[in-house]
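For reference, the structure is listed below as structure tokens.
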Amino acid sequence: MPTTDSIVPSSLLLKPAAGKMKKTDSATKADQPPVPPALLCPRKQKTFQLTDIHFAEEGYFKGSKYFKTERGSRHAGGVEGVPVPYTVSNDNTITALLLGCFVMAMVAFSVSRNFIEKQIRSFFHIGRRKESVTETDYEVRFQLFLIAQTALLASILYYFFAHGGNNGRPECASHLGTIGCFCGIFMGYFLLKHLTYGFVNWVFFDRRSNGQWNHTWLFLSSLEGVLLFPVVLLQVYFSLSANAALVCILIVMLFVKMLAFHKGYSIFFKRKGVGLQIILYFCALELMPLMVLWGILLITDNYLVINF
């Protein structure tokens, strides 16, 4: 009888192959080094921060040999430009002071309006009236403020003439300090002038005449500051030429001095028949203090320029 081939089950055929695979896996595991336990731990996620990105190193020219971002580079921070020269028109402090002067002058005018009207009406009629012009404490305070305003405006104008218009001298470290020194000198000038007038008038004239002159001097000093205010505005913000500003200042000073001369003659010398003495009185108490003031301003300005 013919013999038939016996069929071998597949499980018997796969057993030797499976045994070989197990032997191969065990040999591979034996050859690999042991994995350290630190690598098996999960990694912590790092938080994102903008400081981690160096924006200075990023750009179109990144990678070029001419693109250098080192801090020690010569032009790393840019090329220093030419500093803008100091101008009074761009100074916020001067602008605030001028604005404050304008507001306070308007307030002073509204408060002292009656006194100003009385002074104007009685200015050329002193001989016909026996009573003097009275004023309240508020009017006196605001007129004192106007005198301080006159000192400030005069200091700004002198700064323009002494330092060549809008461009200040580079040797002077503090322009506001210079204007402040000039303002202090002008305020001292008005104070010493008032004390000198008071002493001379106390010696030679009566009390009633001294009171009239004190009111007149206070009014004229305030008026001088009011008339100088437009000149300062034109000089600071509209670049008024020095010659034109000088002409305006001379006109204002001449007008105020003529009024003072007339008023002094009417109060002190008209009734005594000694009219020529007004010239000596006026030169000693008006012109000489101006010359002394001019010399002190020149010395102070030269000292500030040399030492600061």
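The values are calculated or read from the model by the stated rules, or taken from the named source; none is laboratory data. In this text, all values refer to a predicted model and were calculated from it rather than measured experimentally. Here Cβ is always computed from backbone atoms with ideal geometry, including for glycine, and neighbour counts include all displayed protein chains. The accessibility values were calculated without ligands, DNA or RNA, using every heavy atom of the protein model including side chains. Shrake-Rupley method; radii C 1.70, N 1.55, O 1.52, S 1.80 Å.
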So which chymotrypsin sites (Phe, Trp or Tyr not before Pro) in region 179-215 end up in coil per DSSP with only 16 or fewer other C-beta atoms within 10 Å? 205
Order 300, 216 by their accessible area, 1.4 angstrom probe, all chains in place, largest first. 300, 216
I'd like to know how region 189-307 sits against the 2.2 N^0.38 Å rule of thumb: what's its Cα Rg over that expected value? 1.25
